[in-house]
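See structure below.
The values are calculated or read from the model by the stated rules, or taken from the named source; none is laboratory data. Every value quoted in this text rests on a predicted model; they were computed, and no experiment measured them. FYI the Cβ positions are ideal-geometry reconstructions off the backbone, even for glycines, and counts take in every protein chain you see. Just so you know, the surface numbers come from the protein's heavy atoms only, side chains and all, with ligands and any DNA or RNA stripped out. Shrake-Rupley method; radii C 1.70, N 1.55, O 1.52, S 1.80 Å.
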Amino acid sequence: MKAPFGFGKLGIFGQPYHGLWKGGVITLPNGATKACPAPANGGVVLIRHPGQAEVVRSPAEQAADAAAGFEWRNYALISGGYYGGVGPFYSNIPSAHVIFIDGAGVRWLMKLTTSSSYVNYMTVSIKRIAHIDGTVSSWSSEINVPIDARFVASVHSVAIPLITISQNTTGREFVLGGVVNGGYANGLLKVGVSGTVDLGASSFGLTFSNEALEWQDRLNYESVGTESVSGTCVNVITRHHLQRANPSHVYTGVEYIEVQTYTDGVLDTNGPPVATGAYDWIDVSLEYSRSTSKTKTFAGGYRAKRAIWAAYVDDVLKVYTLEYSDISSGSLDASWWSTGADPAGYWIFSGMQERHKHLITKIGDQVVWDQHFSSSQYIEQQVSFGTYGLQFPPTSMAGYTVDNTSTLSYKASLEDIISSGSIDTTVGSVTTWTAKYLLPIKPNGQRWASPIMVLCTRTKTSTDPTNPTYVSHSVWAPSGINVATSTAIANLFATWHPVLNQLHVDTENVCWF
Amino acid sequence: MAKDMTAALQALTDEAVGQTSRKDKTLPEGRAVNQIPERVGKADKPTSTASGGGIASPLTETVYSTRQYWDSVTYQSTDGFITWQVEPIKKIKFQDANGADAEFVYAQPT
């Protein structure tokens, strides 16, 4: 039922022009075009007013809408990185903006600013928006909201401006960050806001929470080492002793067999023959046999991970990550085993060792690309202890399990991760490193609400290591959909529709409206 | 009796073929009357009273600020993003052509 409005009734009230913007116009569903100012980029923010009903149109109205190219939606898109007079949200000022719907359903624009000095808070002010009542809304007073101290160094005033990486459909949860390294996030701060705005109350009547998801100085380099040994190692030495008469040294034909059985290094033996004045013994031969089920399994190496971006798909947060790991593993036979009580004992292992190196790009839990290098080789290890100690000191000398994963005092940069995960090949004197991973579609300053990245292969050679080349493979949206392309990343533009889940890739500026 | 029957049958037969003995009559000429000569009329304007009489058009609103409004009603865009707060009109005062006050009082929209 239509609402009364003045002396009449309200027909419909909203924004019916929707479609893909390109070349200055939005192409409507009926093929007609609607002129629209150029968006700053392809970024689109989805706003859903909680409980907003579906738009119901009569058959006649539907026919009229179709003819006019109108589409009435029950959600809003803030397209192109602008919101009205606020201007481009990505602007190079140390402020981020979020569109926040409070508990009463009222829309606010929230401005978040970091200080030029390193302080553990951000300054927040709000302004009512999207409400027509004949008055002009202005910015509120400012409040200081404490933030996770680990995040502070990730953004710093103009040098690394704070921007909104992404927000959910109500702005009640969003991710802030700084952008460096060609468009990657330098840090990610997840913020939660709840409550209904009361401008006269402390903190505007709102409750803020926050947590650093990634930060500039995180020690993210880990040593991984797991090792376990089980089974029994049995070595048997059989010595043949012949008896001789004294002093003639003539063999008497009597033989003594000495058996030395080492079970996990513990000796059990009948001992050598005992010489007397009339006879002595000579050790004439030795037999060695081994019966072992003792096996060492191990996996060890290094790994590092950094979060590079974040985006909401509806209200589900997807964190983009780059992960590197280089792990060697194997299952080795133990051919000799000392008890550990030996002053300089040792163990001998042998078998095949597999090495697996990965450079993995993920959006949320989805693996976008897993660059994998593997090799295998036969190895022999002699693990000495006593004098030199053990790499992984066991608690039991008969068998043991050690998990020695630890965080190292090292911050692996993105370049560290990419370089370490690269696959190297050498031809002659020239080494080439290749790595396939996600790159931001646009560099610094153009990233607000633009979660689109390009899967590229970077090739770097030892002859010109400072000028790598890039080849594009596909363009990715946070939902996981992707479009294949070979267009150079510098010439790529793309926009993702967060409701229709459509990804449009182009060679000029485009944006969904 | 037989003659009468014969005459009646003849009359019916003649009438069936459009022949009749009826004679049509016409109304007499009307009475002539004199024309009323052309002349100018005049009437005095009735004196208005506060308690009675009709509303003389046009109605003119002389003071905008005396309008009264119902409590505001908020309309929301289909996408839920924009709200438009409107106060429905409740009462408007007019003066009619005679300078008399008149009020339009509207019901609250529901």
Taking only the alpha-carbon positions of the protein assembly as shown as identical scatterers, the Debye log10 I(q)/I(0) at q = 0.05, 0.06, 0.07 Å⁻¹ comes out as -0.49, -0.60, -0.70
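In chain A, carbon and sulfur make up what percent of the accessible area (probe 1.4 Å)?
53 percent
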Whole-Å distance linking the alpha carbon centroid of the stretch A:290-339 with that of the stretch B:80-110 is 76 Å
Cross-link reach from A:LYS411 to aspartates and glutamates, straight Cα distance under 13 Å and at least 8 residues apart if same chain, gives A:GLU214, A:ASP217, A:GLU222
In the structure shown, of A:LYS296/A:LYS357; A:LYS305/A:LYS362; A:LYS111/A:LYS318; A:LYS305/A:LYS436, the pairs separated by more than 18 angstrom at the C-alpha atoms are A:LYS296/A:LYS357; A:LYS111/A:LYS318
Extend 7 Å from the Cα of B:VAL63 along its Cα-to-C-beta direction; within the stretch B:85-105, residues with backbone N under 16 Å of that point are B:91-96, B:99-104
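In Å², nearest 100, what accessible area do chains B and A bury in total when the solvent probe is 1.4 Å?
Chain pair B/A: roughly 2000 Å² of buried accessible area.
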Measuring from its Cα centre, the stretch A:183-238 shows a charge dipole (+1 at each Lys and Arg Cβ, -1 at each Asp and Glu Cβ) which, in debye to the nearest 20, is 40 debye
Taking chain A and counting helices only, DSSP H stretches of n ≥ 4 at -39,500 (n - 2.57) each over all residues, the nearest-500 ellipticity at 222 nm comes to -1000 deg cm²/dmol
Straight-line reach check, A:LYS442, cutoff 16 Å on alpha carbons, 8 or more apart in-chain or any other chain, hits among aspartates and glutamates -> A:ASP506, A:GLU508
Treating only Lys and Arg (+1) and Asp and Glu (-1) as charged, each at its beta carbon, one finds that the stretch A:259-347 has a dipole about its Cα centre, in Debye to the nearest 20, of 500 debye
Distance in Å, no decimals, from the C-alpha centre of the stretch A:58-74 to the one of the stretch A:1-51 is 12 Å
Between A:VAL483 and A:ASN467, the two model label points (7 Å from Cα along the beta-carbon direction) sit apart by a distance in nm of 3.2 nm
Once all protein chains are kept in place, B:THR26 shows an accessible area at probe 1.4 Å, nearest 10 Å², of 130 Å²
In debye to the nearest 20, the charge dipole size for the protein assembly as shown, taken about the Cα centre with +1 at each Lys and Arg Cβ and -1 at each Asp and Glu Cβ, equals 2320 debye
Under a 1.4 Å probe, counting only protein heavy atoms, B:ILE55 has an accessible area in Å², nearest 10, of 110 Å²
One finds the C-alpha centres of the stretch A:248-265 and the stretch A:185-230 to be spaced, in Å, by 72 Å
For A:SER474 the rounded accessible area (nearest 10 Å², probe 1.4 Å, non-protein molecules ignored) is 10 Å²
Relative to chain A, whose Cα atoms define the longest principal axis, helix A:59-68 and its Cα axis are tilted in degrees, nearest 10, by 90 degrees
Sorted on mean Cβ neighbours within 10 Å (highest first), peptides A:312-325, B:59-72 come out as A:312-325, B:59-72
